[in-house]
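Right, one structure below, let's go through it.
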Amino acid sequence: MSVFTKIISGEIPSYKVAENDDFIAFLDINPNAEGHTLVVPKKEVDKLFDLSKEEYNALMSFSYKVAKAIEKAVPCLRVGMSVIGLEVPHVHVHLIPLNEMADIQFSKKVKLSKDEFQSLAASISENLEI
Ligand code: AMP
């Protein structure tokens, strides 16, 4: 069982941003930048391109809505998107507020307090138009 399945089942906590029947979005716990969010299908599948076309399109559609909310809530030049999955073998889309190239490079990390995580998750969530 992946760490993200444990988040989905509520076994471990997360800073949740959005959820529907098929997907959940929560803040990355080791963010590249403030507002770095992961969008995850509730069905545990390892690799992005193992999803069906329908599941893939639905994931992108949900990610679009979350990205729009991040753009409104977090000051940035734009929201970048990346799919890696080398650490957690459960499909997830990284949505990352970008101000410089380093923000997408997974080497620059920011430390946030619990209050900062909570307030970021709340303000992204408030800007959702789902
Ligand atoms: P990757 O699989 O390489 O795309 O990276 C997995 C991402 O998941 C990393 O950015 C981690 O910081 C993030 N991550 C791992 N565990 C958690 C967790 N419990 N809550 C939120 N994010 C996590």
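Coordinate-derived values only; no laboratory data. The model shown is predicted, which means the values in this text are computed figures rather than measured ones. Please note: Cβ atoms are built from the backbone with ideal geometry, for glycine as well, and neighbour counts cover all protein chains shown.
A viscosity of 0.692 mPa s and a temperature of 37 °C, combined with the Kirkwood radius over Cα pairs in Stokes-Einstein, give a translational diffusion coefficient for the chain of 225 µm²/s. If you take the Cα centroid of segment 23-48 and the Cα centroid of segment 49-91, the two points sit 8 Å apart.
May I have the count of lysine pairs in the chain with C-alpha atoms under 14 Å apart, counting pairs 8 or more residues apart or located on different chains?
Qualifying lysine pairs in the chain: 5.
The charge dipole of the chain, taken about its Cα centre with unit charges on the Cβ of Lys, Arg, Asp and Glu (plus for the first two, minus for the last two), comes to roughly 200 debye. Taking amide H as placed 1.01 Å from N in the peptide plane, ASN99 has its amide H under 5 Å from the amide H of LEU77, each at least 5 places away in sequence or on another chain.
Residues whose amide H lies under 5 Å from that of VAL17, counting only those 5 or more places away or on a different chain, are ALA25, PHE26, LEU27; hydrogens are built 1.01 Å from N in the peptide plane. The 3J(HN,Hα) values that the Karplus relation (6.51, -1.76, 1.60; θ = phi - 60°) gives for segment 65-73 are, in residue order, 5, 5, 4, 4, 5, 4, 4, 6, 8 Hz. Gly and Pro appear as x.
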